[in-house]
Structure formats: structure tokens, C-alpha cells
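Quick notes on the structure that follows.
The values are calculated or read from the model by the stated rules, or taken from the named source; none is laboratory data. A quick note: this is a predicted structure, and the numbers were derived from the prediction, not measured. We place every Cβ from the backbone using ideal geometry, glycine too, and count neighbours over all the protein chains shown. Note: areas computed on protein heavy atoms with side chains; ligands, DNA, RNA excluded. Shrake-Rupley method; radii C 1.70, N 1.55, O 1.52, S 1.80 Å.
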Amino acid sequence: MRSALMSAAHHASNRNAWGQTLIEQPAMTAVLADLECEVSASTWMVMRTAQSFEDARSGDPQALAFNRIVTAITKYFVTKRCTPVVVEAMECHGGNGFVEEHIMPRLFRQSPLNSIWEGSGNVICMDVLRAMRKDDATVGAVFQEVDSVQGLDASYDRFVADLKDSLMGAAREGNEGLQANARHLIDRLALAIQGAVLLRNCPDTLLVQHWMSTHIRGEFATHFGTGTGGSQSDRLHLARRAVPLKVRE
């Protein structure tokens with residue numbers, strides 16, 4: 001994901017059209033800003049999952065429960081988001097990004113791999129549900145994680161409250177209902193975890209607020225570049241975050 005985004009941002013920073021670099025043109029700025037938020041949120045989520053392994057070494061039951069469920073949620077969600085990110089990054093290059101001499105075709109072919117092997121999407125969803133059924137502490141551990149940032153963002157608090165209601169409703173439907181809604185519920189669990197990690201740890205408030213506007217405050221966007229929050233200068237700040245440091249210099 002990061003490699004594809006950096007390649008797209010590098011291209012957009014150097015390619016000129018209509019008197020401006022691509023990265024400065026609002027439509028492209030919006031796409032790159034959304035991609036940067038997506039990749040950064042995924043990175044923060046992976047780092048939090050890695051930390052959960054360290055925390056679990058203490059033997060604390062809460063840490064063990066969180067590690068058990070967040071590993072599967074992260075594996076499912078991040079690998080599912082990888083291919084759309086790479087496809088959009090490839091599109092940023094135009095036709096050059098499609099030819100085999102470019103790095104993008106290889107990244108595109110490899111992008112769905114981790115959501116297929118070592119557990120396909122449905123298998124991982126069933127693993128999350130199995131963890132929830134076998135140990136109630138896993139769900140409690142997730143909610144302890146997200147409740148730790150309660151009060152920092154009102155829209156996020158409402159999202160978490162709705163998620164809790166949805167989980168209880170799905171549980172009342174029994175195993176069939178849980179399985180039918182598994183992907184929807186796990187998507188929302190993943191977004192809740194990402195939101196908590198960003199609110200607690202990310203120092204870039206523009207990134208956090210832009211992510212909130214595209215993932216929490218409205219309907220989860222189908223395509224990158226469709227977010228309407230923030231100004232052009234805010235989006236340009238986010239887009240330029242993805243540019244490799246040597247190019248920025």
C-alpha cells in the first residue's frame with residue numbers, strides 16, 4: 001500500500017499538466033489525500049496490533065483477549081483495503097502505470113494475495129466470530145480500546161454506540177445472523193479500532209479529522225477522492241505527506 005502510494009505521489013509531484021503539477025490539481029489532490037489517510041490508518045492499526053503481541057506477553061487476560069481478536073480483524077481489513085488502494089494509485093500514473101516495465105503492475109498482481117492465502121476473507125471473519133463466541137472478553141477488550149478515547153470526537157462516540165447496538169442485534173439473531181452480517185460488523189470493528197488509535201496517537205490532526213470525515217462522519221466512501229471535508233490546502237498537506245522525502249527536498 002505504502003509503496004504504491006509513494007509511487008503515485010512521486011509521479012503526481014513531477015508530472016505537469018495545464019500549468020500545474022498533478023498533485024496541485026484539486027481532483028488529484030483529493031484522491032491522494034484520501035489514499036494517504038487510508039494507508040496511514042492501516043499503518044497505525046498494524047502497529048497497534050504489533051503492540052498487542054508485546055502486551056500479551058505479560059499474561060494479562062485483557063491484553064491476551066485483545067491480541068486474539070485484533071490480529072484477525074487487522075488481517076481481514078487491511079488486506080481487503082490493499083487492492084483498492086493499489087488500483088487507485090495505478091490510475092494516478094495513467095497508462096505508464098499499466099506497462100510491465102513499471103512497478104505498479106507487480107504491486108497490483110500481488111495486492112490481493114494476503115487476503116487469499118493464510119485465510120481468505122470469509123475464513124478470517126469466521127475466526128473473528130469464533131473468538132467472540134468462545135470468549136466474551138474479546139469483545140470487551142475491543143470496547144475497552146475504543147472507549148479509551150471517548151469524548152475526543154462526538155461523531156466517533158456515536159459511531160461506537162451504534163456499533164455496540166449492531167453487535168447486540170446480530171447476536172440476538174443467532175449464529176446465522178452473525179455469519180450473514182460478519183463482513184459488515186468486522187468492517188465497523190476495524191474502523192472503530194483505527195479511529196481509536198488515530199485519536200490517541202496520531203500527531204497530525206488534519207489527517208485524523210480528514211479520516212473521520214471520510215470514514216466515520218458520513219457513509220464509508222466507495223471511491224477515493226470523494227471526501228468533501230476540509231480545504232484544498234488541507235488536502236494538499238495530506239497528499240504531500242505521501243511524497244518520498246528525497247523528492248520533497
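Observations on the structure shown:
- Pick from the range 180-217, criterion open to solvent by 40 Å² or more (accessible area, probe 1.4 Å) and part of a loop (DSSP other than H, G, I, E, B), ranking: nearest to V149 (Cα to Cα): P203
- The condition of being aromatic (F, W, Y) and without any contact (Cβ under 8 Å) to a residue 12 or more places away in the chain holds for only one of F66, F98, F108, that being F98.
- Count of the range 1-52 residues, restricted to those that are outside any helix (DSSP H, G or I) and not hydroxyl-bearing (S, T, Y), is 8.
- Looking across the range 159-182, just one residue is charged (D, E, K, R) and in contact with a Lys or Arg (Cβ under 9 Å, 6 or more places away or on another chain), and that is D162.
- Residue count for the range 127-171 under the criterion of being of a type in the set (A, V, I, L, M), assigned to a helix (DSSP H, G or I) and touching a residue at least 24 places away in the same chain (Cβ under 8 Å): the result is 12.
- When the range 119-151 is filtered for residues that are under 18 Å from R183 (Cβ atoms) and acidic (D, E), only D127 remains.
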